[in-house]
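The values are calculated or read from the model by the stated rules, or taken from the named source; none is laboratory data. Here the structure is a predicted model, which means the values were calculated and not measured. Note that each Cβ is placed from the backbone with ideal geometry, even for glycine, and that neighbours are counted across all protein chains shown.
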Amino acid sequence: MSDYAAFLDGKRQGGADSGFAPTYMPEFLFDFQKALVDWAVRKGRCAIFADCGVGKTPMQLVWAENVVRNSGRVLILAPLAVSAQTIREAQKFGINAGISRDGQSTHDITVTNYQRLHYFRPEDFRGVVCDESSILKSFDGATRNAITVFMRKVPYRLLCTATAAPNDYIELGTSSEALGYLGHMDMLNRFFKNDQNTSDTRGKWLQHGGARPKWRFKGHAEFPFWKWVCSWARACRRPSDLGFDDRRFVLPSLVEREHMVEARTLPEGMLFALPAIGLKEQREERRRTIQERCERTAELVTGTGKPALVWCHMNAEGDLLERLIPEAVQVAGKDADEAKEERLLGFADGKIRVLVTKPKIGAWGMNFQHCSHVTFFPSHSFEQYYQGVRRCWRFGQKSDVVVDIVTTEGDRGVLTNLQRKAGQADRMFSHLVDEMGNALAIDRAADGDKKEAVPQWL
């Protein structure tokens, strides 16, 4: 029987430890952060899926410092403007780090933008960190592939993001692939069944409600899947997810207000407004109602005297909002990287009262806890909404955060879809944390740390 158990254990797909015992564990880390860093250093190649504001930046800096002391230099890849924010944190904690834009650096820890990776050589580094790693899917395939290839040549690797994917788990496969474990197609074929017999992985899977998913768990595979995930990743929304005290990590309230704006014109051939059907009609609706939506947003933001973060999706929206809102400063795609970084940091420092920009430019990684007012035009991307709101509604925020969602009757379908995805995402991440906790409890029981541990459903 013991031989058969050993055989089954040998067939289990898991991430083998390739790290070392940490030698640097500073007191500025909270207890749960120390536990995560200790695990990540010993693991060597892993992911930390920690929610916004729980301290991913100090954790990844301490992880990097351990690699430096043990083995050699570390490269941290971050979104635009987050690089400078990371250096500020490093200076605060006395860690030797510096920014490089051209591949040249004399620091132990080098921080750069994802878009500058081609200036660097993997053989110059012993460790690499992908900060806000979920942003990788926003890049084109060539850029994503270049990042994955670069990481494969570095022995120590860490992915950090708020969630692997807020409303679908296919990104867990791409994360695993970058870390040197199962590729995403290998993951799907091992644990899931393709109901439609296609190789399409773009559709949502593991859905709770909605259309029938393309991929679903094989009958025996759900628990082995979570056990495999927690062999190379840890998920944490709050310290209690890891068994620690939440008292210093309690979020203020989030107040979401919907503003239904009446369009001044009707779609061609229509006698009254109806929800737009399909992406073509929805795009036409947004273009036709730019003036009304932007005017309503300006009314909500103007004259408050308080910081406001205004998200938009189209260039025409951003330009009009900048004109309509006094004190507003826009960060646009056409701006040089230096200008974007200066304005994003200017808003973070309180030098700019109202920031207007697109989620794909500024929704990842920035800390805007000084701001408690966000406006949003809904889109089908829940991740953009989640990240956009979380720039302000994060641990460290002192006030209730108000999110004003401005839309039209024609765009009601988009808002409904966004709300559906929000509920689905919350259930999915709760499921991720719970199942990982169950798998870890059983592992601890097997190691003799607990006398009894069973999944919650038992």
(request) For the range 115-144, name all the residues that are farther than 25 Å from residue 366 by Cα and either of a type in the set (D, E, K, R) or modelled with pLDDT under 90 (or both). (result) 121, 123, 124, 126, 142
(request) Output the residues belonging to the range 333-389 that are in contact with an Asp or Glu (Cβ under 8 Å, 6 or more places away or on another chain) and not charged (D, E, K, R). (result) 352, 354, 356, 364, 365, 372, 373, 374, 375, 376, 377, 378
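Suppose we keep only residues that are assigned to a helix (DSSP H, G or I) and exposed (fewer than 14 other Cβ atoms within 10 Å of the Cβ) within the range 317-343. Which one would you say is nearest to the chain's Cα centre (by Cα)?
In this case the residue turns out to be 337.
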(request) Specify the residue that is nearest to residue 345 (Cα to Cα); the eligible residues are those in the range 283-313 that are out of contact with any helix residue (DSSP H, G or I) (no Cβ under 7 Å at 6 or more places or on another chain) and among the aliphatic types (A, V, I, L, M). (result) 309
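When the range 376-402 is examined, which residues are found to be among the β-branched types (Val, Ile, Thr) and more than 17 Å from the chain's Cα centre (by Cα)?
Pass one, the range 376-402, residues among the β-branched types (Val, Ile, Thr): 389, 401-402.
Once the filter is applied, which keeps residues that are among the β-branched types (Val, Ile, Thr) and more than 17 Å from the chain's Cα centre (by Cα), the range 376-402 yields 401, 402.
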(request) State whether one or more residues within the range 207-223 are under 29 Å from residue 394 (Cβ atoms), among the charged types (D, E, K, R), modelled with pLDDT under 70 and in a loop (DSSP other than H, G, I, E, B). (result) no
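Residues checked against (1) at pLDDT 80 or above; (2) of a type outside the set (Val, Ile, Thr):
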| site | (1), (2) |
| --- | --- |
| 396 | yes, yes |
| 402 | yes, no |
| 419 | yes, yes |
| 425 | no, yes |
| 429 | no, yes |
| 435 | no, yes |
| 441 | no, yes |
| 453 | no, yes |
(message) Testing residue 88 on (1) free of Cβ contacts under 8 Å to residues at least 12 places away in the same chain; (2) over 25 Å from the mean Cα position of the chain (by Cα), one condition comes back false. Which one is that?
(response) (2)
(request) Kindly indicate the residue of the range 358-388 that is closer than 23 Å to residue 337 by Cα and aliphatic (A, V, I, L, M) and also surrounded by the most Cβ atoms within 10 Å (Cβ to Cβ) among those meeting that condition. (result) 363
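Can you find a residue in the range 364-387 that is outside any loop (DSSP other than H, G, I, E, B), of a type in the set (Val, Ile, Thr), outside the structural domain of residue 132 (by TED's automatic domain parsing) and modelled with pLDDT under 90? Break it down stepwise before answering.
Here is the first cut: in the range 364-387, the ones outside any loop (DSSP other than H, G, I, E, B) are 373-376, 382-387.
In the following step, the residues that additionally are of a type in the set (Val, Ile, Thr) were identified as 374-375.
Of the ones still in play, those that are also outside the structural domain of residue 132 (by TED's automatic domain parsing) are 374-375.
Keeping just the survivors that are modelled with pLDDT under 90 gives none.
Within the range 364-387, not a single residue is outside any loop (DSSP other than H, G, I, E, B), of a type in the set (Val, Ile, Thr), outside the structural domain of residue 132 (by TED's automatic domain parsing) and modelled with pLDDT under 90.
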(request) Mind checking which strands (runs of 3 or more DSSP E) fall wholly inside the range 4-105 and carry at least 3 residues that are at pLDDT 95 or above? (result) 74-78
